[in-house]
Amino acid sequence: FPGKIFATADRLYISDTGHHRVVVTDHAGKVEALVGAGVAGSTDGPFDKAQFHQPQGLFAKGDTLYVADTENHAIRRIDLKAKTVETIAGTGKQVYGSDSGPARKTPLNSPWDVIEKDGTLYIAMAGNHAIWTMDLAKGTIGPYAGDGRETLEDGPNLSASFNQPSGLAVIGKKL
């Protein structure tokens, strides 16, 4: 049950959503790593002990892989070199309409995708019908675009409305 995929020049990162893990392969499909114990849960630690709950969006940069851990309402960071998983955002509790704050103390609502640009992690927060950002250096998180209403309406970032955003891309300076 794969959910999403992220490709680099030499690897494929696959969120094996139904098996609660992330699979790392080369471009020929040879498995290089299985990240997660394969059962639903929320445990940080080494690859074989870590647990996810229906991971979705992925973004790799260097030896770091960011994961939208959708049903844990969290953002996880995988250190590909140290072979460890760490929660960097979310409390594990689903809350609608949360405010900005410290990333580990701010509840999230069904993050579905992540992408990093210039030290900022952008998060498609499907449950809040919004796009959030996380300042990776400061460890803070909060709304970036979307007013929380499930509708489609153009406008300034925090006045615009989305319908369960679930994918992100950056082209030049545009998200």
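The values are calculated or read from the model by the stated rules, or taken from the named source; none is laboratory data. Keep in mind that what you see is a predicted model, and the values were worked out from it rather than measured. As a convention, Cβ positions derive from the backbone with ideal geometry for all residues, glycine included, and neighbour counts pool all protein chains shown. To get the accessible areas, we keep the full protein, side chains included, count just its heavy atoms, and leave off ligands, DNA and RNA. Shrake-Rupley method; radii C 1.70, N 1.55, O 1.52, S 1.80 Å.
Before moving on, here are some points about what is shown:
- Residues in the stretch 86-114 that are touching a Leu at 6+ places or on another chain (Cβ under 8 Å), touching a residue at least 24 places away in the same chain (Cβ under 8 Å), among the hydrophobic types (A, V, I, L, M, F, W, C) and more than 17 Å from residue 138 (Cα to Cα): 114 alone.
- Restricting the stretch 126-165 to residues that are part of a loop (DSSP other than H, G, I, E, B), of a type outside the set (A, V, I, L, M) and open to solvent by 50 Å² or more (accessible area, probe 1.4 Å), the residue that is farthest from residue 104 (Cα to Cα) is 154.
- Options 40, 60, 28, 74; residue that is open to solvent by 20 Å² or more (accessible area, probe 1.4 Å), out of contact with any Pro (no Cβ under 6 Å at 6 or more places or on another chain), among the hydrophobic types (A, V, I, L, M, F, W, C) and in contact (Cβ under 8 Å) with a residue 12 or more places away in the chain: 40
Residue by residue, here is whether (1) under 19 Å from residue 126 (Cβ atoms); (2) touching a strand residue (DSSP E or B) at 6+ places or on another chain (Cβ under 6 Å) holds:
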{"site": "19", "(1), (2)": "no, no"}
{"site": "28", "(1), (2)": "no, no"}
{"site": "32", "(1), (2)": "no, yes"}
{"site": "36", "(1), (2)": "no, yes"}
{"site": "40", "(1), (2)": "yes, no"}
{"site": "47", "(1), (2)": "no, yes"}
{"site": "52", "(1), (2)": "yes, yes"}
{"site": "55", "(1), (2)": "yes, yes"}
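- Test: residue 91 is of a type in the set (S, T, N, Q), touching a Pro at 6+ places or on another chain (Cβ under 7 Å) and surrounded by 15 or more Cβ atoms within 10 Å (Cβ to Cβ): yes
- Test result for residue 21, within 16 Å of residue 110 (Cβ to Cβ), buried (at least 19 other Cβ atoms within 10 Å of the Cβ) and under 16 Å from the mean Cα position of the chain (by Cα): no
- Looking at 27, 53, just one residue is at pLDDT 95 or above and over 15 Å from the mean Cα position of the chain (by Cα), and that residue is 27.
- Within the stretch 75-90, the set of residues being closer than 18 Å to residue 46 by Cβ and touching a Gly at 6+ places or on another chain (Cβ under 7 Å) comprises 84, 85.
- Yes/no for residue 117 being more than 24 Å from residue 2 (Cβ to Cβ), out of contact with any strand residue (DSSP E or B) (no Cβ under 8 Å at 6 or more places or on another chain) and surrounded by fewer than 13 Cβ atoms within 10 Å (Cβ to Cβ): no
- Filter result for residue 2 (at pLDDT below 95 and not hydrophobic (A, V, I, L, M, F, W, C)): yes
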